[in-house]
Amino acid sequence: MNPDPKHYDAVIFDLLTGLIDSWTLWNAVAGDPDTGKRWRHHYLRLTYGTGDYQPYENLVVQAARECDLGEAVGRRLIEKWDELEPWPEAESVLSALKGQVPLGVVTNCSERLGRMAIARVGIEFDVTVIAERAGAYKPDPRPYHMALDELSIAPEQALFVAGSVFDVNGAGALGMDVYWHNRAGLPCPEHAPALIAEHRSLEPLAGIIGGSKFPSP
């Protein structure tokens with residue numbers, strides 16, 4: 001059940017799971033979903049252990065090598081990055097919100113690949129923060145703080161649309177309301193901050209942000 005519509009001064013999105021189906025590309029390059037998931041999870045462990053930013057492309061290739069896939073597989077994912085596809089409803093949701101409230105993106109990526117992925121969404125965001133520029137990967141607070149600073153708002157004035165449990169914890173810990181776009185139906189971890197909403201689609205954002213109405217498909 002959705003909460004009553006609420007005013008926010010900005011909506012900030014995770015990109016690579018919140019707005020884009022990156023899983024399908026990882027799985028295709030890996031050869032099957034189980035291998036893709038194993039590779040992706042190992043990459044995430046490397047990312048969250050870096051502290052300060054380390055080159056995204058290097059971590060992708062390192063994870064492929066350490067999962068016995070070979071560095072060529074990691075490089076192939078990077079070569080195919082412009083094949084990423086947004087979730088089917090992402091464009092209509094963002095188009096409906098555009099102009100009503102400032103929109104931001106905070107993503108774990110390099111500047112080059114981050115810009116390529118943002119272009120796949122097809123919407124111009126008011127603020128984009130990519131891990132390379134922020135100097136750290138989420139859930140380190142630095143990328144979130146950079147987006148809030150560039151939007152000139154406090155955490156409690158923003159809604160963060162998370163695509164992963166890491167963003168649920170990272171954004172929630174700073175005091176932002178969190179909408180979890182839980183596409184895979186994962187269990188919420190213990191001790192996670194309270195969510196304003198959790199859905200397997202972006203479409204219910206309509207009833208949360210001032211009652212926005214999305215166009216019919």
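Annotations
- Close pairs from segment 140-156: first surrounded by fewer than 19 Cβ atoms within 10 Å (Cβ to Cβ), partner of a type in the set (A, V, I, L, M) and assigned to a loop (DSSP other than H, G, I, E, B), Cβ under 9 Å, at least 6 apart: 141/174; 145/174; 155/174; 155/176; 156/176
- Among the conditions (1) assigned to a loop (DSSP other than H, G, I, E, B); (2) at pLDDT below 95, residue 167 misses just one, which is (1).
- For segment 92-126, taking the residues that are surrounded by 15 or more Cβ atoms within 10 Å (Cβ to Cβ) and charged (D, E, K, R), the one that is farthest from residue 206 (Cα to Cα) is identified as 120.
- Residue match in segment 179-186 (condition: modelled with pLDDT under 95, farther than 15 Å from residue 101 by Cβ and either touching a helix residue (DSSP H, G or I) at 6+ places or on another chain (Cβ under 7 Å) or surrounded by 24 or more Cβ atoms within 10 Å (Cβ to Cβ) (or both)): yes
- Some residue of segment 65-74 being under 26 Å from residue 171 (Cβ atoms) and β-branched (Val, Ile, Thr): no
The values are calculated or read from the model by the stated rules, or taken from the named source; none is laboratory data. As the structure is a prediction and not an experimental result, all values here were calculated from the model. Cβ atoms come from the backbone with ideal geometry, glycine included; neighbour counts cover every protein chain shown.
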